Amino acid sequence: MTGFSAVIKVLLENRLVPTVIGLISGAIIYAFSSEDNWMLQKLGTLGYGLVWSGVAFLGITFIQYLVKQIKRMYDGYRAFIEDKRYDEEEHKKLIEQLWFFIDGLDQNYIEFLKEFLDNNNETIEKTGWDIPSFPVEYFNFRRIIIERHIEREGKVVYLYKMDEKIFSLLRESKEKYNKISHFE
């Protein structure tokens, strides 16, 4: 009997609601069962009540588990949606900052940036008199245009390429909003 009382003690401490509902359900089912029920005759009064109490207990426990899992899935989905909305807002703010930054650039520099958009950020080579002399500009701690000097056939060739992250922001701005600054 000590083992049975230990089980009852654990059930009442940790699973009080399903245990009480199970016991009440078992008693109600026993009360409405006929005396010639085959299960009642095989198991006896106590066994019959305990079987139905156990079935009700397991049913309530399973329903609680389902509710907990559905709530967890819903909370996860809601957090995913909130994170996605936050990321979209932050991305929109970043594009807005980029527009303000580009608004402050020289028109020739802006045209040079548009060349990268037109050629899908392929390397632009400049030699001779058409070498642009722009100051080094940074956006979000990233250098906008990466410059490299090489010597080819006795001449210095300047290679220019836009930073990939900045290029993707500009391309997205151009595709989504059809502009790369506030003044277009």
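A short reminder: the numbers here are calculations on the coordinates, not readings from a lab. Since this is a predicted model, take the numbers as computed values, not measurements. Here the Cβ is made from the backbone with ideal geometry for all residues, glycine too, and neighbour counts use every protein chain on show.
Need one number: convex hull volume per residue for region 2-77, Cα atoms only, in Å³.
Roughly 104 Å³ of hull volume per residue.
For region 146-184 and region 28-94, compute the distance between their C-alpha centroids and round to whole Å.
About 58 Å separates the Cα centre of region 146-184 from the one of region 28-94.
Report ³J(HN,Hα) in whole Hz for each residue of region 157-162, in order, from the Karplus equation J = 6.51 cos²θ - 1.76 cosθ + 1.60 where θ = phi - 60°; Gly and Pro get x.
Whole-Hz 3J(HN,Hα) from phi for region 157-162: 10, 9, 10, 10, 8, 7.
Which whole-number percent gives the relative contact order of the chain, counting Cα pairs below 8 Å spaced six or more residues apart?
Rounded, it is 17 percent for the chain.
When the chain is fully extended, how far beyond the present Cα-Cα distance does Tyr74 get from Val156, taking 0.36 nm per residue of separation?
Contour length minus the Cα-Cα distance gives 23.4 nm.
Over all Cα pairs of the chain, how is the pair count split among 5 Å bins, expressed in % and running from 0 up to the last occupied bin?
In order of increasing distance, the bins hold 1, 6, 10, 11, 8, 6, 5, 4, 4, 3, 3, 4, 4, 5, 6, 6, 5, 4, 2, 2, 1, 0, 0 percent.
Once you have the Cα-Cα distance between His91 and Leu117, take 0.36 nm times their residue separation minus that, and quote the gain in nm to one decimal.
Contour length minus the Cα-Cα distance gives 7.4 nm.
So for Leu16, Leu94, fewest C-beta neighbours within 10 Å to most, what's the order?
Listed from fewest to most nearby Cβ atoms, that is Leu16, Leu94.
Where does the Debye-calculated log10 I(q)/I(0) of region 105-177 sit at q = 0.16, 0.19, 0.21, 0.22 Å⁻¹, using only Cα point scatterers of equal weight, no solvent?
Values returned for q = 0.16, 0.19, 0.21, 0.22 Å⁻¹ are -0.59, -0.80, -0.96, -1.04.
Nothing charged except the Cβ atoms of Lys and Arg (+1) and of Asp and Glu (-1): what's the magnitude of the dipole of the chain about its Cα centre? Round to the nearest 20 debye.
1060
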